[in-house]
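K.L.:
One structure, as C-alpha cells, below. Some questions next.
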Ligand code: NBX
C-alpha cells in the first residue's frame, strides 16, 4: 500500500530495490559473517533495523543548522513502541523494502514481528513523550529526548487464575539494534560525599563536592525519524556504570571478589528498573538517584554542546536552548543547571537562576495527590549535598520576596519549596519554570482554580493549556491499514502530514458506498483482533458483536469497576427476564495495574472472574462476552484501537488529566461513551452531541458532592437492592468466586470507603447511556456516519498540533 507523498528523502537512502538488497546483504555478511539466507528471522530483523538506524544517523548529523533553537524533552519515561514499521512509513520505504525482502525469499511482516516493544514507561505520560518526539521531528525542529535506559522495562503482565502476575521484561536480551552507545559522550555524576569550600588569596571562594559515589553515565542514542524523512532527531538514554577508579583492586587481589564487585552492582542498580507509578515509591533512594542521574547527565551534555557551538555566551543560553520537564521527575533540572553554571562555568548565582528559569518549562500530568512527589530533606541533603545548597538558597530568596510583598502566610505554606521537612518537587518545578501547563482545558482550569491555585494567583501569566495529542501516523496510518487506505483513496495522502485534512471526509458521511467500505474495514480489523485474542487467551470472540473497549492503566479513578458493574447488571437482567436482550457485545479490557496497587489488581481479578462466569453461561447464548487481553503495550494497542466500536472513557469527572486513548480510538472510528472529563470535553465539543455519548456527574458536581459531605454509598445500594444491591452482594456471596475467591476488598472500598470514585452514583446514568448507544448501533449507516465524523474531527488531536502550540507559546520557535 502506498500512502506517502512524493519528493521525500527516501531517494537518499536507497536508489531502488536492487540497491537496498545489496546493502542489506552486505551488512549481514559484514556484521554476522553470514549470508542473509543463513540468518535467522531475528538476525534478519536486527540487521534491517541496523541498516535503517545507520542511514538515519547520517541524516541526523546534518539536518539542523547550528543556530537552530534546541528543545530537550526531559522525561523518565518514553514508551516508543516498535520502530521498524513506523520508520519505514516515515521514510516512505515500506513498499520498496517489502518488495526487496520478498525477492530475497522472506517477508517484511515476518521481520516486523521479531521486534521487541521497549516498555520504558508506565502509560499515558510515557507514550505522550514518544508521540512528541515523532511530532517534533515531523515539524522539522531540533527536539531531543533525554531519558533513562532501563535494563528492564515495565513488567510483562501474565494472567494466572485471573490474577495479574508480573514477570521481568528483559527487553535488551536480543540487543536493541536502534541504539548506538556513545562512550565519548559519557559524563560523571556524583552522589553523597561532602561539600568543600575553597578560597584563594583574593578572597574569591568556590565549592566542590568530594568523595561519595562516582557514577559514569553513558548515553545510548536512538534516532527519531520524522515523517518525510528530512528530519532525524535523537533520543538520548542514559545508563549508569561504575567509574573504573572506584574499583577496589586491593579487595580483588585479596580474593574478596564480592566486595570488589559490590560497587559495580550498586551503581548499575540505578539504571536497572523502571519504577511503576505506584504509591510505594516514597523514600526509595534509588528513584531519587535515577532522577538526578538523567537530569545531571543530560544537562552536562547540553552544556558541552552549547559551549562547543556558542562558547561562553551564557546570556543568550535561553535563546538557543529550551529544557522541558515532563512532570516533576526532572524537577532537579533547575538547581542542577544552576550548580553546573556556578561551580563548573563560574557564573554568579543570580545570573544562573535567570538562565535556568528562562530556559525551563514544566508540564503537569495529574491531579492525583499520591503523584505529588516529595522527598525528606535529610535524604535529599545526604545524597545531593551541593545541589541542596542551591535549592535552599532559592527557597530562602523566594520566601524573602514573598514576605516583602506581604502576601498572606497561606501562600508561603503552599508554594515554598521546603516545607514540613520535605522537598516539594512540584513547587521546585514551578518556581524554576517560565511556563506551567496542563494537558486539557479542564485539567488546566482545575490546576489554576484548585491544585495550583496559589501559584496561579502569584504568576497567572506563566499558566497555559496544551491539550494533548497523539501521533496519528502511528495510531491510524500504521495501525489501521484497511481504514487508512480507504481514507487515502477518498482524500489523498495529505492527511499524513496535516491531520486537519481529515475534515475532508465529512462529505462522505452521506456516501452509502463509503460507509459500507468502512464497515468492511472495521470488520477486517475486528477479525485481526479476534485472532490475536484467541492466540493469547484461547478465547473465541464473535466479530458480529459490538466491540466495546476499555484499555488503559488500572486505577480506581478510571473506574474499570463501573464497566464491570454494568456488565453484571446486563447479565443479571438477562437471567431474570428472557425478553431482555442487550445488544450482543464483546467487552474487551486491557491494561496493567501497578505492582503494589492492591485494589487495581483486584479489579483485574474481578474482570477475569466475571468473564469466567459469563463466558461459560450457556443461558445467555453468547450475547455477552468478556476478553481480558494480557500485557497491554504499544504493539497490541495498535491491534486493539482499530477494532474498537465503543470507546469507554468513564473516569470520575475531574480526575483524568486528559486521556489519550480516547483520541486514538476516535481516530479509528470508535464512538466515545464517556464522562465529561479530561479531553473528553473537547472531543465532545468538536464532534457534537450527536456523535458522542456523555453521561454522569460533571467535575463541578463531583466537587460539590464531596464538599457537601452528603454522599452516602449505602443509600445507593439500599435504594435498589434488586440491581445495585445485588451486584454488590455478588462480590462476596460466592457467585463470582469460582476462579479464585470472593472480592471483599472491593466491597470494602465501595461501602466502608464510601465509594470514593462515585461508581454507585454514576451507575444508572452509565447503564442507560450504554443501552441508548448500543440501540443506535442497529442503524448501521447512521452509526458509521457518526464514526466517520469522529475520524474527520480527530485532526485537532494530532500531536503535531500540540507540538506546534508548545513551539509557538512555550519554546518560542516558529515552524
Ligand atoms: O498523562 C497521564 C494522565 O493520567 C493522563 O490523563 C494523560 O493523558 C497523560 C498524558 O498527559 N499521567 C501519567 O501517566 N502519569 C502521571 O501523571 C504521573 C505523574 C507523576 C508521578 C507519577 C505519575 N509521580
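K.L.:
For the condition within 16 Å of the ligand (Cβ to nearest atom) and assigned to a helix (DSSP H, G or I), what is the one hit in 447, 496?
P.N.:
447
K.L.:
Do you know which residues across region 756-771 are farther than 19 Å from residue 571 by Cβ and surrounded by fewer than 21 Cβ atoms within 10 Å (Cβ to Cβ)?
P.N.:
Listed by number, the residues that qualify are 756, 765.
K.L.:
Of the conditions (1) outside any strand (DSSP E or B); (2) without any contact (Cβ under 8 Å) to a residue 12 or more places away in the chain, residue 170 clears all except one; give me its number.
P.N.:
Result: residue 170 passes all but (2).
K.L.:
Right, another one. Name the single residue, out of those in region 756-806 being over 28 Å from the mean Cα position of the chain (by Cα) and not in a helix (DSSP H, G or I), that is nearest to residue 729 (Cα to Cα).
P.N.:
778
K.L.:
Looking at region 361-368, can you tell me whether even one residue there is surrounded by fewer than 19 Cβ atoms within 10 Å (Cβ to Cβ), within 19 Å of residue 429 (Cα to Cα), at pLDDT below 95 and under 22 Å from the mean Cα position of the chain (by Cα)?
P.N.:
Checked against the condition, which is being surrounded by fewer than 19 Cβ atoms within 10 Å (Cβ to Cβ), within 19 Å of residue 429 (Cα to Cα), at pLDDT below 95 and under 22 Å from the mean Cα position of the chain (by Cα), region 361-368 yields at least one hit.
K.L.:
Right, here's the next one. Restricting attention to region 427-444, report how many residues are within 12 Å of the ligand (Cβ to nearest atom) and in contact with a helix residue (DSSP H, G or I) (Cβ under 9 Å, 6 or more places away or on another chain).
P.N.:
Selection size over region 427-444: 6.
K.L.:
May I pose another question? What are the residue pairs meeting all of these: first residue in region 123-140, first residue within 22 Å of residue 657 (Cα to Cα), second residue part of a helix (DSSP H, G or I) and more than 15 Å from the ligand (Cβ to nearest atom), Cβ atoms under 6 Å, and 6 or more apart or on different chains?
P.N.:
From region 123-140, the pairs are 135/800.
K.L.:
Quick check: is even one residue across region 359-371 under 17 Å from residue 455 (Cβ atoms) and free of Cβ contacts under 8 Å to residues at least 24 places away in the same chain?
P.N.:
Yes; the residues of region 359-371 include at least one that is under 17 Å from residue 455 (Cβ atoms) and free of Cβ contacts under 8 Å to residues at least 24 places away in the same chain.
K.L.:
How many of the residues making up region 351-396 are within 30 Å of residue 679 (Cα to Cα), within 16 Å of the ligand (Cβ to nearest atom) and not in a helix (DSSP H, G or I)?
P.N.:
So the count comes out to 11.
K.L.:
Take region 536-564 and flag every residue that is away from the ligand (no atom under 16 Å from the Cβ), within 25 Å of the chain's Cα centre (by Cα) and assigned to a strand (DSSP E or B).
P.N.:
Listed by number, the residues that qualify are 547, 548, 549.
K.L.:
Identify all residues within region 265-276 that are more than 20 Å from residue 296 (Cβ to Cβ) and either touching a strand residue (DSSP E or B) at 6+ places or on another chain (Cβ under 7 Å) or at pLDDT below 80 (or both); write none if there are none.
P.N.:
276
K.L.:
Answer with yes or no whether residue 640 is away from the ligand (no atom under 16 Å from the Cβ), crowded, with 24+ Cβ neighbours inside 10 Å and at negative phi.
P.N.:
Judged against the criteria, residue 640 is a match.
K.L.:
Being surrounded by fewer than 20 Cβ atoms within 10 Å (Cβ to Cβ), more than 16 Å from the ligand (Cβ to nearest atom) and part of a loop (DSSP other than H, G, I, E, B) is true for just one of 175, 229. Which residue is that?
P.N.:
175 is the lone residue from the list that is surrounded by fewer than 20 Cβ atoms within 10 Å (Cβ to Cβ), more than 16 Å from the ligand (Cβ to nearest atom) and part of a loop (DSSP other than H, G, I, E, B).
Conditions tested, residue by residue: (1) within 24 Å of residue 123 (Cα to Cα); (2) in contact with a strand residue (DSSP E or B) (Cβ under 8 Å, 6 or more places away or on another chain); (3) without any contact (Cβ under 8 Å) to a residue 60 or more places away in the chain.
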position	(1), (2), (3)
63	no, yes, no
80	yes, yes, no
95	no, no, no
100	no, no, no
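K.L.:
What are the pairs with Cβ atoms under 9 angstrom where one residue, in region 254-278, is farther than 30 Å from residue 593 by Cβ and within 16 Å of the ligand (Cβ to nearest atom) and the other, located anywhere, is part of a loop (DSSP other than H, G, I, E, B) and at pLDDT 85 or above? Sequence gap at least six, or different chains.
P.N.:
Between residues of region 254-278 that are farther than 30 Å from residue 593 by Cβ and within 16 Å of the ligand (Cβ to nearest atom) and residues that are part of a loop (DSSP other than H, G, I, E, B) and at pLDDT 85 or above, there is no close pair.
K.L.:
Right, something else. Considering only region 110-123, how many residues are crowded, with 24+ Cβ neighbours inside 10 Å, within 16 Å of the ligand (Cβ to nearest atom) and at pLDDT 95 or above? It would help to see each step written out before you state the result.
P.N.:
Step one: of region 110-123, the residues crowded, with 24+ Cβ neighbours inside 10 Å are 118-121.
After this cut, where a residue has to be within 16 Å of the ligand (Cβ to nearest atom) as well, the list is 119-121.
So of that shortlist, the ones also at pLDDT 95 or above come out as 120-121.
Total satisfying the criteria: 2.
K.L.:
List the number of the failed condition for residue 284; all other conditions in (1) over 19 Å from the mean Cα position of the chain (by Cα); (2) in contact (Cβ under 8 Å) with a residue 24 or more places away in the chain; (3) within 16 Å of the ligand (Cβ to nearest atom) hold.
P.N.:
Failing condition for residue 284: (2).
K.L.:
Any residue that is within 16 Å of the ligand (Cβ to nearest atom), in contact (Cβ under 8 Å) with a residue 12 or more places away in the chain, more than 30 Å from residue 210 (Cα to Cα) and in a strand (DSSP E or B) - is there at least one of those in region 325-336?
P.N.:
Yes - at least one qualifying residue is present in region 325-336.
K.L.:
At pLDDT 90 or above, surrounded by 16 or more Cβ atoms within 10 Å (Cβ to Cβ) and part of a loop (DSSP other than H, G, I, E, B) - does that describe any residue in region 294-315?
P.N.:
no
So that you can scan it fast, the table gives a plain yes or no per residue for (1) buried (at least 23 other Cβ atoms within 10 Å of the Cβ); (2) modelled with pLDDT under 95:
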| site | (1), (2) |
| --- | --- |
| 65 | no, yes |
| 70 | no, no |
| 75 | yes, no |
| 83 | yes, no |
| 95 | no, no |
| 99 | no, no |
| 104 | no, no |
| 108 | no, no |
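K.L.:
Examine region 735-746 for a residue that is closer than 30 Å to residue 679 by Cβ and assigned to a helix (DSSP H, G or I), and state whether such a residue exists.
P.N.:
Checking region 735-746: at least one residue is closer than 30 Å to residue 679 by Cβ and assigned to a helix (DSSP H, G or I).
The values are calculated or read from the model by the stated rules, or taken from the named source; none is laboratory data. Being a predicted model, the structure only gives us computed values, none of them experimental. Here the Cβ is made from the backbone with ideal geometry for all residues, glycine too, and neighbour counts use every protein chain on show.
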